[in-house]
Amino acid sequence: MMLSPAHRFRDIERKPEYLRPEKCVPPPRPGPAGAMWFIRDGCGIACAAVTWFLVLYAEFVVLFVMLVPSGDYAYSVVNGIVFNLLAFLALASHCRAMLTDPGAVPKGNATKEFIESLQLKPGQVVYKCPKCCSIKPDRAHHCSVCKRCIRKMDHHCPWVNNCVGENNQKYFVLFTMYIALISLHALVMVGFHFLHCFEEDWTNILQAYGAAGKASAEARASLRHTRPPLAGGPAECSSFSPPATVILLILLCFEALLFLIFTSVMFGTQVHSICTDETGIEQLKKEERRWAKKTKWMNMKAVFGHPFSLGWASPFATPDHGKADPYQYVV
């Protein structure tokens, strides 16, 4: 029977001499209580900054290009409250996903003293990560970016500059959900804005700008001051010129469509992974299932907390995992 590389690697790990606890230095001293988790990765920090920039750009266009100049007060207030609330929850979820320890295994604990403290019985096996020199539990994988073994690691996401693991998967799911919702909301508002303004206001203005292309500077300046108002009221469709408004809206439309597709797919993938209780790495490697199978609802509560409540949708509510299984090093 041919063994896969993963099985051969596990066989090597089972050899007593593989652990070599004398090669591991004592684990570093724990940081101060409440210390913030943050990964110092240049690519991840840049991606996180781009994420915030794109959300703030969408905020700027929605408020100052579409809602503030609108003559419909109720339309502006309702859509402004909904969009800002969803954007706030998206950014809050992003911060929680980025600054929460995803479930890192204590680094450098594969020492002789720690192994002896486990009081292993004959035949019991422990696994050691040769990269971070830690005794890792089942379903933990090493992340080359975080340089730690992460419990139930799904993947490392540069957009949140962190791994998605046991402790922060809820926040990552909420982040993808809220980004998809604000992207959909922005697309709907852009569509209504084009239908309302292009027919009533911009057609005449763009034609006038085209006809004035060869006119003098004084004529173009006077044209800007004589822009026809909306039929529905004195307010204009935008505080910016028609070409600038069109460019801003097209960029927002492209951004919203791209992120709507990306985050919707990621949200569906994460929910499927939670319901099946199988991480992305385990699906990719097709690892043998060695843990108890639970119902989909139990798996959802294991990630979002016990019991079901409105806190599931809040990035500020830390999930209560209930009576979790003991932290097992032994397979």
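Residues of segment 159-172 that are part of a loop (DSSP other than H, G, I, E, B) and closer than 19 Å to Leu89 by Cα: Trp159, Val160, Asn161, Asn167, Asn168. Being part of a strand (DSSP E or B) and in contact with a His (Cβ under 8 Å, 6 or more places away or on another chain) is the filter here; which residues of segment 137-153 pass it? Cys143, Arg148, Cys149, Ile150, listed by residue number. Could you tell me which residue of segment 105-128 is nearest to the chain's Cα centre (by Cα), considering only residues that are open to solvent by 30 Å² or more (accessible area, probe 1.4 Å) and of a type in the set (Gly, Ala, Ser)? Per the criteria, the residue is Ser117. Across segment 237-265, the number of residues qualifying as under 10 Å from Ser183 (Cα atoms), open to solvent by 30 Å² or more (accessible area, probe 1.4 Å) and of a type in the set (Val, Ile, Thr) comes to 1. Scanning segment 36-81 for residues that are part of a loop (DSSP other than H, G, I, E, B) and under 22 Å from the mean Cα position of the chain (by Cα) turns up Met36, Trp37, Phe38, Ile39, Arg40, Asp41.
In this structure, does Ile261 turn out to be within 30 Å of Leu67 (Cβ to Cβ) and β-branched (Val, Ile, Thr)? It is true that Ile261 is within 30 Å of Leu67 (Cβ to Cβ) and β-branched (Val, Ile, Thr).
Taking the criterion of being at negative phi and either of a type in the set (Gly, Ala, Ser) or assigned to a helix (DSSP H, G or I) (or both), the residues of segment 113-132 that qualify are Glu113, Phe114, Ile115, Glu116, Ser117. What are the residues in segment 103-112 that are in a loop (DSSP other than H, G, I, E, B) and on the phi < 0 side of the Ramachandran plot, if any? Val105, Pro106, Lys107, Asn109, Ala110, Thr111 - these are the residues of segment 103-112 that are in a loop (DSSP other than H, G, I, E, B) and on the phi < 0 side of the Ramachandran plot. Residues that are at pLDDT below 55 and farther than 25 Å from Phe267 by Cβ are absent from segment 63-77 altogether. When segment 287-318 is filtered for residues that are assigned to a loop (DSSP other than H, G, I, E, B), hydrophobic (A, V, I, L, M, F, W, C), free of Cβ contacts under 8 Å to residues at least 24 places away in the same chain and open to solvent by 100 Å² or more (accessible area, probe 1.4 Å), only Phe308 remains. Residues in segment 33-49 that are of a type outside the set (Gly, Ala, Ser) and touching a residue at least 24 places away in the same chain (Cβ under 8 Å) were compared, and the one that is most open to solvent (accessible area, probe 1.4 Å) is Met36. When His156, His185, His193 are screened for being in a strand (DSSP E or B), open to solvent by 10 Å² or more (accessible area, probe 1.4 Å), at pLDDT 85 or above and not aromatic (Phe, Trp, Tyr), only His156 passes.
Hey, does segment 277-286 have a residue that's open to solvent by 40 Å² or more (accessible area, probe 1.4 Å) and either closer than 21 Å to Ala87 by Cα or in a loop (DSSP other than H, G, I, E, B) (or both)? So far as segment 277-286 goes, yes, one or more of its residues are open to solvent by 40 Å² or more (accessible area, probe 1.4 Å) and either closer than 21 Å to Ala87 by Cα or in a loop (DSSP other than H, G, I, E, B) (or both).
State yes or no: is Cys149 more than 17 Å from the chain's Cα centre (by Cα), modelled with pLDDT of 90 or more and surrounded by 23 or more Cβ atoms within 10 Å (Cβ to Cβ)?
yes
The values are calculated or read from the model by the stated rules, or taken from the named source; none is laboratory data. What you see is a predicted model, and the numbers here were worked out from it, not measured in a lab. We place every Cβ from the backbone using ideal geometry, glycine too, and count neighbours over all the protein chains shown. Remember, those area values only see protein heavy atoms, side chains included, never the ligands or the DNA or RNA. Shrake-Rupley method; radii C 1.70, N 1.55, O 1.52, S 1.80 Å.
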